[in-house]
1. Considering only residues of the stretch 174-220 that are of a type in the set (D, E, K, R) and more than 26 Å from Thr65 (Cα to Cα), which is surrounded by the most Cβ atoms within 10 Å (Cβ to Cβ)?
2. Quick check on the stretch 71-115: of everything there that is free of Cβ contacts under 8 Å to residues at least 40 places away in the same chain, among the polar types (S, T, N, Q) and out of contact with any Leu (no Cβ under 9 Å at 6 or more places or on another chain), which residue is nearest to Glu217 (Cα to Cα)?
3. So, Pro59, is that one surrounded by fewer than 17 Cβ atoms within 10 Å (Cβ to Cβ) and either at pLDDT below 95 or in contact with a helix residue (DSSP H, G or I) (Cβ under 7 Å, 6 or more places away or on another chain) (or both) or not?
4. Condition test on Pro33, is it loosely packed, with under 12 Cβ neighbours inside 10 Å, farther than 30 Å from Thr200 by Cβ, in contact with a helix residue (DSSP H, G or I) (Cβ under 9 Å, 6 or more places away or on another chain) and at pLDDT below 95?
5. Working carefully through the options Ala41, Ala46, Ala120, find the one that is at pLDDT 95 or above, touching a Phe, Trp or Tyr at 6+ places or on another chain (Cβ under 7 Å), under 22 Å from Ala219 (Cα atoms) and surrounded by fewer than 20 Cβ atoms within 10 Å (Cβ to Cβ).
6. Taking the stretch 56-89 only, how many residues are more than 25 Å from Ser42 (Cα to Cα) and β-branched (Val, Ile, Thr)?
7. Out of all the residues in the stretch 123-151, which are modelled with pLDDT of 95 or more and either part of a loop (DSSP other than H, G, I, E, B) or small (Gly, Ala, Ser) (or both)?
8. List every residue pair whose Cβ atoms lie under 7 Å apart, where the two residues are 6 or more positions apart in sequence or sit on different chains, the first residue falls within the stretch 39-68 and is within 14 Å of Thr112 (Cα to Cα), and the second residue, located anywhere, is of a type in the set (S, T, N, Q) and modelled with pLDDT under 95.
Amino acid sequence: MRRVFFFLLPLAFVTVCGNPPAGDVGNLPPASPALVAKVTASLAAARPFDRHVWRDTAPVNDDGTVNGFVDISRGDSNKWEFRIPLNRLEIDRVIPTELGGYPTNYGFLPRTISYDGDPADVLIVGPPIASGEIVKGRILALMRMVDGGDLDSKVVISPVDERGQPRQALEAADRDRLTQFFNTYKRHEGKTTQITGWGTEADARAFLQKTAGFFAESAR
């Protein structure tokens, strides 16, 4: 049976501002005209909804944690994707079974737009989390990635415990496993992806600030 998810969430507002964080925010490229056009079109598509999970959920909380929306549960071979014009998840494609399913929970950071014109990606380490959940997490690292020529880096987070601390660490073996998967998971489509390195928590927060800024500029 095909799963379809609808989301009606309270309106939330966030401003990502203040002094630039440590990290490589100054080295990140500016928004291209094509990127500006894409986020403008996405905001227009979301306008008919009174509540929209991408448009109306804060990416950053007052305590410094971030909100990650889960598209794909760890181990799932279905590439679920959030459709902004529909405000719901749908299956985009199915990855080959030999890949073993996604090696981590995969989703997006709300109120962001990355360089490919889609919301910035988030990887949520730890046990499987159901598609459609919003996870409150602490940033661990940045996985730097290029997909088809576009900068498509992914912020890596861990869910928090009752004290607001990360439940999971990102070990070297985890980085190797994620690098192997994301370097190869589109080869069956004739597409090229490349993990170009790993950044720190500060680098990841800088990337989040940049992609949230693209959204905020277009949403004015």
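The values are calculated or read from the model by the stated rules, or taken from the named source; none is laboratory data. These figures come from a predicted structure and were not determined experimentally. A quick note on method: Cβ atoms are made from the backbone with ideal geometry, for glycine too, and the neighbour counts reach across all protein chains shown.
1. It comes out as Lys186.
2. For the stretch 71-115, the residue satisfying everything is Asn78.
3. Working: surrounded by fewer than 17 Cβ atoms within 10 Å (Cβ to Cβ): no; either at pLDDT below 95 or in contact with a helix residue (DSSP H, G or I) (Cβ under 7 Å, 6 or more places away or on another chain) (or both): yes.
It is false that Pro59 is surrounded by fewer than 17 Cβ atoms within 10 Å (Cβ to Cβ) and either at pLDDT below 95 or in contact with a helix residue (DSSP H, G or I) (Cβ under 7 Å, 6 or more places away or on another chain) (or both).
4. no
5. Of Ala41, Ala46, Ala120, the one residue that is at pLDDT 95 or above, touching a Phe, Trp or Tyr at 6+ places or on another chain (Cβ under 7 Å), under 22 Å from Ala219 (Cα atoms) and surrounded by fewer than 20 Cβ atoms within 10 Å (Cβ to Cβ) is Ala46.
6. Residues meeting the conditions: 1.
7. Within the stretch 123-151, Val125, Gly126, Pro127, Pro128, Ile129, Ala130, Ser131, Gly132, Glu133, Gly137, Ala141 meet the criteria.
8. As it stands, the answer is Val39/Ser218; Thr40/Ser218; Leu43/Ser218, since those pairs meet every condition given.
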